[in-house]
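Chemist: First the structure, then my questions, so here it is.
Rule-based calculations on the coordinates, nothing more; no lab input. Just so it is clear, the structure is predicted and the values come from calculations on it, not from any experiment. Don't worry about glycine lacking a Cβ; one is built from the backbone with ideal geometry, like all the others, and counts go over all protein chains shown.
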Amino acid sequence: MEVSFEHLLRTNPVLRIYLFYTAVLALKMMLMTLLTIRQRFLNNAFVCEEDAVFLRGVVSRTNENVERVRRGHRNDMETIYLFLLTGFAYIWTNPDPAWTNSLFLLFTVGRFIHTFVYTIVVTPQPARGLSWLVGYVIMGYMALKTLIYFYN
Amino acid sequence: MEVSFEHLLRTNPVLRIYLFYTAVLALKMMLMTLLTIRQRFLNNAFVCEEDAVFLRGVVSRTNENVERVRRGHRNDMETIYLFLLTGFAYIWTNPDPAWTNSLFLLFTVGRFIHTFVYTIVVTPQPARGLSWLVGYVIMGYMALKTLIYFYN
Amino acid sequence: MEVSFEHLLRTNPVLRIYLFYTAVLALKMMLMTLLTIRQRFLNNAFVCEEDAVFLRGVVSRTNENVERVRRGHRNDMETIYLFLLTGFAYIWTNPDPAWTNSLFLLFTVGRFIHTFVYTIVVTPQPARGLSWLVGYVIMGYMALKTLIYFYN
């Protein structure tokens, strides 16, 4: 018997949703590296000796503009990676495709807002807190639903 | 031909094990964020200016109670993420389901103990070292077995 | 109908490639922890009080040799985790197996070089920058191709 990936994709629309948002969120996280590099050049704050020599700049690990982007990047690692691992488990719980798509879309929008208010146009709280909370609640819902579904 | 996720789950019990522990470990990692927030409030040590303003607190990035939880969270990222990616590969190597379940369970217990002795009731070494080692050895075994299985 | 994992592996050779490189990259990342531990002992720089007491050493979080390995490890988390999540999505876009294998191999080689020039034999730039760029470009290509493939 032959079971190609196309068969699985056709029969399980939530898989297609998962793979699409994986690509979107991967590109969003790759952007964080570019934002960090940009701040390192703008603030002349490079991370180690060989970089400073090569670029005729200065080593600094305490520049607030750089560290802010790095904290945003770490927050993405704490949140987006966990969401993609959890989301993969969630799609096996037989969820409604339209509902699943809404959850993935809302999570993604929340993360873009989080990065914007944290690292691009620094915005007073609770902007960052709320954008973070959206993703946290969605992820918690998915993890709990998966836990209950497979606990037998 | 229709190949739904239910068919795959029924025919491959190790998949169900993987998805269940993904949910457990995701909830465990989400807890780390709550533990960090708790320490930030208990120690009045917030991570950036806009948080301190909003909460009428102080910015501090060197509070040991906060940093301890953050190190535990980073250790989870170094360990649990890698375990879930490796564990997904491992379940394709045709392992015995009961054995696989034991490995996933033991890894998970090890990580809960790691967090407890590192960030909740600070315990002398080698408590943290041993709880970390359990997970490291299980992960190494899975990665090696997968490497050998697919090396052809 | 029975759909075992063996059927899927036989019909989709790119899956086998993905699982093999997951194991290789997992072992490579596990190495980072050993490199960190080695530098902590060589430089007598332990991360917290209970470790220093147990090992009769000193607490230090600013030793450059240790921090260099930790930055390398973090860069792996920013890069390899995202690559494995993106790579999983990419293999569903019906890519050529030989081409896919080349991309995974090249990414992996790039990451080994990155670790070598960053943390084992410290090498002037642009060695680290170029080895990092290889992985970044491959990952970006995969994410973009996946985005376009599933955007309908």
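Chemist: So which of C:PHE54, C:PHE150 is away from chain A (no Cβ under 13 Å) and over 22 Å from B:ILE80 (Cα atoms)?
Modeler: Details: C:PHE150 fails: away from chain A (no Cβ under 13 Å).
Exactly one of C:PHE54, C:PHE150 is away from chain A (no Cβ under 13 Å) and over 22 Å from B:ILE80 (Cα atoms), namely C:PHE54.
Chemist: While we're looking at this one, here's another question. Among the residues of region A:114-132, write down those that are hydrophobic (A, V, I, L, M, F, W, C) and either out of contact with any Gly (no Cβ under 8 Å at 6 or more places or on another chain) or at positive phi (or both).
Modeler: Within region A:114-132, the first condition is being hydrophobic (A, V, I, L, M, F, W, C), and the residues that meet it are A:116-117, A:120-122, A:127, A:130, A:132.
The answer is A:PHE116, A:VAL117, A:ILE120, A:VAL121, A:VAL122, A:ALA127, A:LEU130.
Chemist: Every residue in region B:120-130 that is of a type in the set (A, V, I, L, M, F, W, C), surrounded by fewer than 18 Cβ atoms within 10 Å (Cβ to Cβ) and closer than 15 Å to B:ARG68 by Cβ, please. Walk me through how you get there before you give the answer.
Modeler: First pass over region B:120-130, keeping only residues of a type in the set (A, V, I, L, M, F, W, C): B:120-122, B:127, B:130.
Narrowing further to those that are surrounded by fewer than 18 Cβ atoms within 10 Å (Cβ to Cβ): B:120-122, B:130.
Answer for region B:120-130, where residues must be of a type in the set (A, V, I, L, M, F, W, C), surrounded by fewer than 18 Cβ atoms within 10 Å (Cβ to Cβ) and closer than 15 Å to B:ARG68 by Cβ: B:ILE120, B:VAL121, B:VAL122.
Chemist: Please work out which one of (1) within 14 Å of chain A (Cβ to nearest Cβ); (2) buried (at least 20 other Cβ atoms within 10 Å of the Cβ); (3) in contact with a Pro (Cβ under 7 Å, 6 or more places away or on another chain) is the condition C:MET29 fails and give its number.
Modeler: Against the list (1) within 14 Å of chain A (Cβ to nearest Cβ); (2) buried (at least 20 other Cβ atoms within 10 Å of the Cβ); (3) in contact with a Pro (Cβ under 7 Å, 6 or more places away or on another chain), C:MET29 comes up short only on (3).
Chemist: What number of residues within region A:32-51 satisfy the criterion of being within 9 Å of chain C (Cβ to nearest Cβ) and either in contact with a Lys or Arg (Cβ under 9 Å, 6 or more places away or on another chain) or more than 30 Å from C:ILE91 (Cα to Cα) (or both)?
Modeler: Pass one, region A:32-51, residues within 9 Å of chain C (Cβ to nearest Cβ): A:32-33, A:47-51.
Applying the additional criterion that residues be either in contact with a Lys or Arg (Cβ under 9 Å, 6 or more places away or on another chain) or more than 30 Å from C:ILE91 (Cα to Cα) (or both) yields A:32, A:47-51.
Of the residues in region A:32-51, 6 are within 9 Å of chain C (Cβ to nearest Cβ) and either in contact with a Lys or Arg (Cβ under 9 Å, 6 or more places away or on another chain) or more than 30 Å from C:ILE91 (Cα to Cα) (or both).
Chemist: How about region B:6-15: which of its residues are at the interface with another protein chain (Cβ under 7 Å from one of its Cβ atoms) and buried (at least 19 other Cβ atoms within 10 Å of the Cβ)?
Modeler: B:LEU8, B:ASN12 - these are the residues of region B:6-15 that are at the interface with another protein chain (Cβ under 7 Å from one of its Cβ atoms) and buried (at least 19 other Cβ atoms within 10 Å of the Cβ).
Chemist: For region A:34-54, how many residues are surrounded by fewer than 15 Cβ atoms within 10 Å (Cβ to Cβ) and closer than 26 Å to C:GLY140 by Cα?
Modeler: Residues that pass the stated criteria total 5.
Chemist: Taking helices (runs of 4 or more DSSP H) that do not extend beyond region A:1-119, which have at least 1 residues that are of a type in the set (D, E, K, R), without any contact (Cβ under 8 Å) to a residue 40 or more places away in the chain and over 25 Å from C:ARG70 (Cα atoms)? Give the derivation first.
Modeler: Details: elements: A:5-11, A:13-42, A:49-55, A:64-90, A:97-115.
Qualifying helices (runs of 4 or more DSSP H): A:5-11, A:13-42.
Chemist: Is it fair to say C:TYR81 is facing chain B (nearest Cβ under 10 Å) and either within 30 Å of A:HIS7 (Cβ to Cβ) or in contact with an Asp or Glu (Cβ under 7 Å, 6 or more places away or on another chain) (or both)? Break it down into steps so the answer makes sense when it comes.
Modeler: Values: facing chain B (nearest Cβ under 10 Å): yes; either within 30 Å of A:HIS7 (Cβ to Cβ) or in contact with an Asp or Glu (Cβ under 7 Å, 6 or more places away or on another chain) (or both): yes.
For C:TYR81, the condition - facing chain B (nearest Cβ under 10 Å) and either within 30 Å of A:HIS7 (Cβ to Cβ) or in contact with an Asp or Glu (Cβ under 7 Å, 6 or more places away or on another chain) (or both) - is met.
Chemist: Taking region C:59-93, which residues are more than 13 Å from the chain's Cα centre (by Cα) and under 23 Å from C:ARG16 (Cβ atoms)?
Modeler: Those that are more than 13 Å from the chain's Cα centre (by Cα) and under 23 Å from C:ARG16 (Cβ atoms): C:PHE88, C:ALA89, C:TYR90, C:ILE91, C:TRP92, C:THR93.
Chemist: Hey, another quick one. Kindly check whether there is at least one residue in region A:116-139 that is within 13 Å of chain C (Cβ to nearest Cβ) and over 23 Å from C:THR119 (Cβ atoms). Give the steps one after another, and end with the answer.
Modeler: First, pick out the residues of region A:116-139 that are within 13 Å of chain C (Cβ to nearest Cβ): none.
No: region A:116-139 contains no residue that is within 13 Å of chain C (Cβ to nearest Cβ) and over 23 Å from C:THR119 (Cβ atoms).
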